[in-house]
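See structure below.
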Amino acid sequence: MSSSARKHVADLYQALGVDRDASFDEIKKAYRKLARELHPDVNPDPKVQDKFKEITAAYEVLSDPDKRQKYDLGGDPFSQFGGSANFGFGDIMDAFFGGGGQRGPRPRARAGQDALIGIELDLHEACFGCDRELTVDTAVRCTKCSGTGSADAGKPQTCGICKGRGEIQQVTRSFIGNVMTSRPCNNCGGYGSVITSPCSECAGDGRIRSRRTLNVKVPAGVETGNRIQMSGQGEVGPGGGPAGDLYVEIVELPHEFLVRDGNDLHISVSIPMTSAALGTHVTIESLDGPQDVSIKAGFQSGEMITLKGLGMSKLRGSGRGDLIVHVEVQIPTKLGKDEEDLLKKLAQARGDKPEQVEIHRRGKHEHSFFSRFRDAFNR
């Protein structure tokens with residue numbers, strides 16, 4: 001922009017229509033609004049083009065803290081431009097698209113990604129916890145170059161094209177003056193340095209893939225879907241950067257007899273109707289070994305017996321859940337002649353009648369827990 005055109009911008013704040021104490025966001029918002037209205041592609045009128053140059057020059061100064069301070073103190077913010085208004089094309093794009101990414105060389109060493117591995121546990125291991133040995137394949141820091149990527153531990157050399165900046169700039173003429181554009185340096189990939197002699201082991205990446213053995217301590221009470229975090233045991237980053245975390249996901253295998261429901265365990269047993277009527281003792285399996293369970297005389301099918309503290313360990317807290325025994329009374333489907341006579345005599349002695357029915361009131365949608373449990377157990 002010529003010196004006469006600069007002087008035509010009487011007040012930079014007034015050009016953008018903002019107060020002198022306006023924030024950067026307010027300045028950017030005002031410029032975006034005016035630029036959409038005054039851009040030459042929208043309105044080719046020469047007077048409008050001059051106005052567009054004015055607001056662009058105003059934005060270039062007020063969006064830069066140093067230039068804005070110089071302007072507020074009465075200095076000439078355009079003096080550093082020499083004979084033309086050189087400003088970054090990226091700065092204008094930031095005003096439109098909310099940019100502001102990192103400038104300069106990007107670090108060669110970057111953080112690695114997290115890794116995930118699953119392990120299968122039986123119910124006993126899930127209840128009481130265990131120590132497991134895991135074999136994992138992840139990226140680790142190259143031992144030959146110590147993660148530098150250079151042979152013989154040599155350091156990367158400053159890029160001769162971008163001089164270590166990681167980007168190259170190009171100035172082109174446009175209707176708003178000289179526009180400077182920046183892009184990553186093709187020679188160094190934006191790092192600002194070049195590995196002249198790559199490590200033969202990692203080919204300059206600073207990391208290699210390796211199989212490792214890790215020990216993981218599984219806490220008591222875990223269940224399917226729980227994850228154990230092992231900090232710093234994931235993938236090492238490019239350039240030998242810090243490793244991510246390793247997550248160990250639990251997969252609980254089904255038990256032959258026991259069914260888990262949160263912290264409680266359930267088991268289903270069947271007894272003859274004579275045992276239910278007379279009472280008996282049964283031995284059931286639990287995670288703590290065989291348990292003797294007493295069934296009182298007159299036990300009804302579908303009733304439950306709760307064994308306190310024989311369920312799953314509580315992952316977050318102390319103690320254990322319960323073991324709930326579901327008892328189903330078996331009714332014989334085929335009777336011999338003697339058995340049939342005995343049951344008839346029993347019915348007569350009890351005064352039972354074949355047509356005798358007792359109806360229980362229950363909610364329309366109510367189902368016994370035992371029925372739901374039995375259906376789940378049989379699936």
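Each reported figure results from applying straightforward, stated rules to the coordinates on display, with no laboratory input. Values in this document were obtained by computation on a predicted structure and should not be read as measured data. Note: ideal-geometry Cβ built from the backbone for every residue, glycine included; neighbour counts use all protein chains shown.
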The answer for D261, listing residues at least 5 apart or on another chain whose modeled amide H is closer than 5 Å to its amide H, is H266
Within straight-line cross-link reach of K28, aspartates and glutamates at Cα separation under 16 Å, skipping those fewer than 8 residues along the same chain: D19, E37, E54, E60, D64, D91, D94
Cα pair count fraction exceeding 19 Å, expressed as % - the stretch 238-287: 59
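At 0.36 nm per residue, minus the direct Cα-Cα distance, what do M273 and E285 gain on full extension? Give it in nm, one decimal, please. Walk me through the intermediate numbers first.
Details: separation 12, 0.36 × 12 = 4.32 nm, distance 2.18 nm.
That pair, M273 and E285, stretches by 2.1 nm at full extension.
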Mind checking which lysines have their Cα closer than 30 Å to the Cα of K29? Skip sequence neighbours fewer than 8 apart in that chain. K7, K47, K51, K53, K67, K70
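Sort 275-283, 135-143 by packing, meaning the average of other beta carbons within 10 Å per residue, with the highest value first. Can you show the working numbers first?
Working: 275-283: 14.4, 135-143: 16.9.
The densest-packed peptide leads the list: 135-143, 275-283.
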Solvent-free Debye scattering, log10 I(q)/I(0), computed from the Cα coordinates of the stretch 195-351 at q = 0.19, 0.21 Å⁻¹: -1.17, -1.29
E120 versus D45: modelled label distance in nm, points set 7 Å from Cα along the beta carbon direction: 7.8
Calc'd 3J(HN,Hα), the stretch 186-198, phi into Karplus 6.51 cos²θ - 1.76 cosθ + 1.60 (θ = phi - 60°), Hz, glycine/Pro = x, comes to 5, 6, 10, x, x, 7, x, 9, 10, 7, 6, 10, x
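Multiply the residue separation of T196 and K353 by 0.36 nm, subtract the distance between their alpha-carbon atoms, and state the gained length in nm to one decimal. The partial results should precede the final answer.
Numbers: separation 157, 0.36 × 157 = 56.52 nm, distance 10.06 nm.
Net length gain for the segment: 46.5 nm.
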Ascending count of other beta-carbon atoms within 10 Å, so fewest first, for K29, K155, K51: K155, K29, K51
Under the rule of at least 5 residues apart or a separate chain, name every residue whose amide H is placed under 5 Å from the amide H of S150. C199
Cross-link reach from K296 to lysines, straight Cα distance under 20 Å and at least 8 residues apart if same chain, gives K308
